[in-house]
Amino acid sequence: MKTIFESAVTLEEAAAVSLSKPYLPYQPCPEFSKPPKSGEIYPIEPLKVFDNVYWMGTHAVGVLVIDTGDGFIMIDSGSSDAEAAYIAESFARMGLDPAKIRLIVVSHEHFDHYGGVPYFIRNVCPDVLLAISRTGWNLLQTVPTEFAFIEPRPEKADILVDDGLCLKLGDTRLFCVSTPGHSAGCLSFIFNSSLHGEELTVGVMGGSAVWPNFPEARMYQNSIEYFKLFTDLAGCNAFSAVHQREEVLDLVRDHWNKGTAHPWACTEDTFNEAYLQPFRNKVLNTIYSDFIQQYLMPNGKPEGSPLPSRKEQFLRIRKQQMSDHLSVCGHDCRIIRLLGHGKGGYSYLAECGDRNIVLKQIHHEPCDYYSFGNKIEAEYHDYGRLKEAGIRIPEMLAIDFDAERIMKEYIEGETVFDLVRSGADTDIYLGQVRKMAAQAFSAGLNIDYFPTNFVVREGLLWYIDYECNPYSDEWNFENWGIKYWSATDEFRAYLMQDHH
């Protein structure tokens, strides 16, 4: 058993100690901006995650259920009676008895995580114990029912969790880490489990979204690194979360049904990049966005010295965080060298198993001449459009939406950009690029015709990027791209900018 679990106490011991310290009594709050509630939910079929762990819930939010051998621990509870009722039904679908829930642990004090607690106490497991952070509980006794703090709120807490509390129930040890940022009282967790009998140590960050103001974003950033201290100590080699997309859950189903790699299992060496790095990316994306609020003084004016440019900050932090190994959907990739840095991401030559591949890491650096939506989803959809159009592109081997990484076929050869710079004749490839342009036009698209995006392998031209946009005459090959396919004034001017 890992060293962080050695201080584990029983639920009864934890309740006695935690409630002996001061805390605010339950206080119903006045209703300010309570939004209307709908009984409509969008359910997802429950599934087994690890040997004794289950995910149940809806497209909005879910819960993690741990079978301890002496009853269940449930992390979170759903947002409402309707979601809680569906989660209770999901127990039966998995052949489990929800009446045996011994402990509900609320990860943080937002309604979509505590909102199902009253239903479970009334209708499912009346003797269940409730654990919530001391900070989160106290906040709920003072904050009005607005934003994420609407009713129904829990009317009691049996265990008020302080940083570092480790709970034991049956064979399970649940270590709680205070990670404020997403909320003031947010908790993250480390617990033991197994996969096909092999021991796992699972890490779970308790909050996902990063709020667009500097105090909370920086607090979130700090909490990631603080949580990492404990995941390193525990040797975490697996992860999960309550907010999940169905396509990711389908990958877990495929593991059990088809024997594919488990998307949430990794190694101790890759846990940081596979699980924690996507959270850092969210923070960086928020900090470098145009809508984040600066630090404000009481008079409403910004305070503090000017920040370094967003690009400078990103490059400095990313360099500090970059590992020699990155994981894509459980595939361990050894970075060989940087291939290129574009407006959407960094592309690396990497070794995966017995083959070389290209690993693209999405970045969130500002771009003065191009606006982005969700970059990783755009890559996925653009790939499909290019394949359908018949354009010769590398095969997408894997896509990791959470880590914002793509693994694709490596097309070995020189780029058209390098050929032009070396003085080689590139006219022989104009016929091939014009064929691609015609295919793109027929599909209503433009591709990025800049010559760094094209590689020649054994005489064939490949478009190695996945970017495409709705067709416009301004950005087609003849009006824009061709200006950079030979040693033109535009090409020489680009070289003078020291891009390469």
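Criterion first (without any contact (Cβ under 8 Å) to a residue 60 or more places away in the chain and either touching a helix residue (DSSP H, G or I) at 6+ places or on another chain (Cβ under 6 Å) or over 28 Å from Asp51 (Cα atoms) (or both)) does Pro98 satisfy it? It is true that Pro98 is without any contact (Cβ under 8 Å) to a residue 60 or more places away in the chain and either touching a helix residue (DSSP H, G or I) at 6+ places or on another chain (Cβ under 6 Å) or over 28 Å from Asp51 (Cα atoms) (or both).
Any chance the range 133-145 includes a residue that's part of a strand (DSSP E or B) and within 22 Å of Lys48 (Cα to Cα)? Talk me through it step by step, then tell me what you get.
Pass one, the range 133-145, residues part of a strand (DSSP E or B): 133, 145.
Now drop any that are not within 22 Å of Lys48 (Cα to Cα), which leaves none.
No, because not a single residue in the range 133-145 is part of a strand (DSSP E or B) and within 22 Å of Lys48 (Cα to Cα).
Among the residues of the range 230-267, those identified as of a type outside the set (Asp, Glu), more than 19 Å from Asp332 (Cα to Cα) and without any contact (Cβ under 8 Å) to a residue 24 or more places away in the chain are Asn257, Lys258. Comparison of Asn123, Asn138 shows that the only residue that is assigned by TED's automatic domain parsing to the domain that holds Asn192 and more than 25 Å from Tyr220 (Cβ to Cβ) is Asn123.
For the range 442-463, the candidate set comprises residues that are in contact (Cβ under 8 Å) with a residue 40 or more places away in the chain and among the aromatic types (Phe, Trp, Tyr); within that set, the residue that is farthest from Glu379 (Cα to Cα) is Trp462.
Within the range 347-357, the residues that satisfy the criterion of being buried (at least 18 other Cβ atoms within 10 Å of the Cβ) and either within 28 Å of Ile287 (Cα to Cα) or of a type in the set (S, T, N, Q) (or both) are Ser347, Tyr348.
Note on the range 59-81: among residues that are modelled with pLDDT under 95 and surrounded by fewer than 19 Cβ atoms within 10 Å (Cβ to Cβ), the one that is nearest to Cys125 (Cα to Cα) is Asp81. For the range 114-149, what are the residues that are surrounded by fewer than 16 Cβ atoms within 10 Å (Cβ to Cβ) and either at pLDDT 95 or above or in contact with a Ser or Thr (Cβ under 7 Å, 6 or more places away or on another chain) (or both)? Matches in the range 114-149: Arg122, Asn123, Pro126, Asp127, Glu146. Those helices (runs of 4 or more DSSP H) of the range 195-294 in which at least 3 residues are in the same structural domain as Ile44 (by TED's automatic domain parsing) and at pLDDT below 95, considering only elements entirely within it, cover 214-234, 246-258. Considering every residue within the range 167-176, establish whether at least one is small (Gly, Ala, Ser) and buried (at least 23 other Cβ atoms within 10 Å of the Cβ). No, because not a single residue in the range 167-176 is small (Gly, Ala, Ser) and buried (at least 23 other Cβ atoms within 10 Å of the Cβ). Just to be sure I understand, how many residues within the range 1-58 are surrounded by 15 or more Cβ atoms within 10 Å (Cβ to Cβ), at pLDDT 80 or above and in contact with a Pro (Cβ under 9 Å, 6 or more places away or on another chain)? The total comes to 5.
The values are calculated or read from the model by the stated rules, or taken from the named source; none is laboratory data. Here the structure is a predicted model, which is why all the values come from computation and not from measurement. For neighbour counting, all protein chains shown are included, and Cβ atoms are generated from backbone atoms with ideal geometry for every residue, glycine included.
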